[in-house]
Amino acid sequence: MKKFLLPLLLILALPVLAQRNETEYRVNRIYSTSGEEILYTYESENTTKPICQKRTYESPYYTYVSLDSLFYDNLGQLVKVVYYSLFDNEIEYSNHEEYTYNDNGQIIQGDSYFYDELEYIVTYTYDENNLMTSVEATSTYDDEYSEKMEFSYNDEGLRIKDVYLYNEGFGYMVEDIVRYDYENGLMVREEWYFYEDGEEYLYDVYIYEYDEHGNCIMEKECDEDGTVEWRKEYHHDINISNDIVHYYNDFEEYIYIYPTHNNMITGYTEYQLGDNGEYIVSDECEYSYDEINVASVVENNIAYNIYPNPVKDIINIEAENIELVEIYDVFGRKLYSEKKSGEVRIDMSDFSEGIYFVKIFADGSSSISKIVKNIH
């Protein structure tokens, strides 16, 4: 399957919504029968940028849970992600990343930290047509090692070639090459080669098929002799255009080329070639969405102020006409609920370190804010 360029990659700035009177959708859950689940938490009922992504993987032997805490600037650009892992229901800090953008809203640098120590720097370059031409990841603790991806495009601005390179102190060497083919602007074929002694050797092929609406309905992974080892069949709601659906663009996936979907994705089914030569279902995935009214999109449904954040002991909440305050942990468990009015002070000194969500009810509306208790 597809590989990654160091753990630090990027995310597109999520679009800023213009006000218009129509219903749109935001993804809230992706669940697969293989044991993987992604849950998204949003700041309020109608915002489209998640503030937390919780990822769970369950196997017969263990359960792994990670939390991505997401922070944006006033332009809606993702500027910081803090990663946490859950062990025995206790949250542990893993690392965090910070992003810098140019005046065109394109990411130009990503810095990866472990606590306060900078570990990796990723730089992004663009041509005069604002097409990304390379991504380079360098280590701050090993100046002899770095990785790089270089991209080429055709006259229509479609990416046709990726080159993966690595440097172990002797200059950059080509490791892998990826080539793309298109029909009517839709990617239909992706070929992966490893590079050795000046020669390219094909080892993996992806083939994509589309319906009459421009949705990818089939993705196949083939080996060098054409045998389909794995395939994915996508399902869509053709009554809902993707123009009004808001997905979270995972920062570890963004630089790759993916097939086109013009309608809402409702799920997919994966098949694996079995030992007996027949295809068996290896995974089924479902997407769930919130319906939102973008005519009333605001960053918060309620004007409020919560401080300090991070909190050690007492947290203060200021808002007009407060009716109720609730606090939830990352598992969605309600830990605190009390009817309040006026300025609110809550003692969190007995709460464990971690991420929590404060839900405020006032004037028939509610808003959710993320707070951090005693974490680096």
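Of the GluC sites (Glu not before Pro) found in the range 198-236, the ones in coil according to DSSP and having at most 14 other Cβ atoms within 10 Å of their Cβ are Glu212, Glu224. Put the Cα centre of the range 101-129 next to the Cα centre of the range 217-250 and the gap is 29 Å.
Between the entries (i) 23.3; (ii) 21.0; (iii) 22.7, the label attached to Kirkwood radius over Cα pairs in Å calculated for this structure is (i).
Count the net charge of all other residues whose Cβ sits under 10 Å from the Cβ of Asn263, scoring Lys and Arg as +1 and Asp and Glu as -1. Net local charge, Asn263 excluded: -3.
Extension gain, Asn249 to Phe114: 0.36 nm times the residue separation minus the Cα-Cα distance gives 46.3 nm.
Mean separation of Cα pairs under 8 Å and 6 or more residues apart, divided by the residue count, gives the chain a relative contact order of 16 percent. Among the listed pairs Lys54/Lys359; Lys54/Lys232; Lys148/Lys373; Lys80/Lys312, a Cα-Cα separation exceeding 28 Å is found for Lys148/Lys373.
Laboratory data are not the source of any read-out in this text; all were calculated from the coordinates shown. Quick caveat: nothing in here was measured; it's all calculated off a predicted structure. All Cβ positions, even for glycine, are placed from backbone atoms using ideal geometry, and neighbour counts span all protein chains on display.
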